[in-house]
Amino acid sequence: MRQQGIVVLADASTGRFGLRLADGSHVLAEQLDVQPLHEGDEFYGWMDALGVEALTAACGNGVSVFVLAHGLSREAIEEELGVTIPQNRHCPFCRLRLRPP
């Protein structure tokens with residue numbers, strides 16, 4: 001199913017990043033091209049299948065990624081990327097904090 005996701009964490013050294021979907025689940029993916037991704041970037045595409053996918057940015061640009069896992073928790077993304085989602089970040093879908101205070 002085509003979904004919308006927001007980049008919540010990105011590791012430029014490995015190319016891996018985490019997307020938060022509207023249902024609250026997370027996707028772990030790895031960039032296959034050199035277009036830099038940033039926290040807050042919005043993408044659309046098929047994020048519920050593993051493998052190579054072409055995601056479309058909100059501005060219309062495309063990015064090739066390899067979806068490593070989907071249906072993950074925030075904690076799983078933090079553990080895989082070795083960082084914590086900052087407390088002051090808010091979900092762009094529901095405006096709630098991504099991490100409890």
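The values are calculated or read from the model by the stated rules, or taken from the named source; none is laboratory data. Predicted model, so just to flag it, every value in this text is computed and none were measured. A quick note on method: Cβ atoms are made from the backbone with ideal geometry, for glycine too, and the neighbour counts reach across all protein chains shown. For the accessible areas, the whole protein counts, side chains as well, though only heavy atoms, and no ligand, DNA or RNA atoms are used. Shrake-Rupley method; radii C 1.70, N 1.55, O 1.52, S 1.80 Å.
Our coupling estimate for region 32-37, obtained by passing each phi through the Karplus curve with A = 6.51, B = -1.76, C = 1.60 and θ = phi - 60°, is 10, 10, 9, 5, x, 9 Hz, Gly and Pro reported as x. Once all protein chains are placed together, residue 38 keeps about 100 Å² accessible to a 1.4 angstrom probe. Near residue 69, the amide H atoms lying under 5 Å from its own belong to 28; only residues 5 or more places off or on other chains count, and H is placed 1.01 Å from N.
Considering all projection directions equally, how large on average is the shadow of the alpha-carbon convex hull of region 1-71, in square nanometres? Don't jump to the answer; show the numbers that get you there.
Details: hull surface 15.9 nm².
Mean orientational projected area (region 1-71, Cα hull): 4.0 nm².
Residue by residue, region 21-29 carries 3J(HN,Hα) couplings of 8, 4, 7, x, 7, 10, 10, 9, 9 Hz when phi is fed to the Karplus relation 6.51 cos²θ - 1.76 cosθ + 1.60 (θ = phi - 60°); x denotes Gly or Pro. Each label point was placed 7 Å from the Cα along the Cα-to-Cβ direction; for residue 34 and residue 73 their separation is 3.9 nm.
In this structure, the amide hydrogen of residue 47, modeled 1.01 Å from its nitrogen in the peptide plane, lies closer than 5 angstrom to those of 3, counting only residues at least 5 positions away or on a different chain. A simple rule links phi to the HN-Hα coupling: the Karplus curve 6.51 cos²θ - 1.76 cosθ + 1.60 with θ = phi - 60°, which for region 2-7 gives 6, 10, 10, x, 10, 5 Hz, with x for Gly and Pro.
Computed over protein heavy atoms with a 1.4 angstrom probe, the accessible surface ordering of 64, 13, largest first, is 13, 64.
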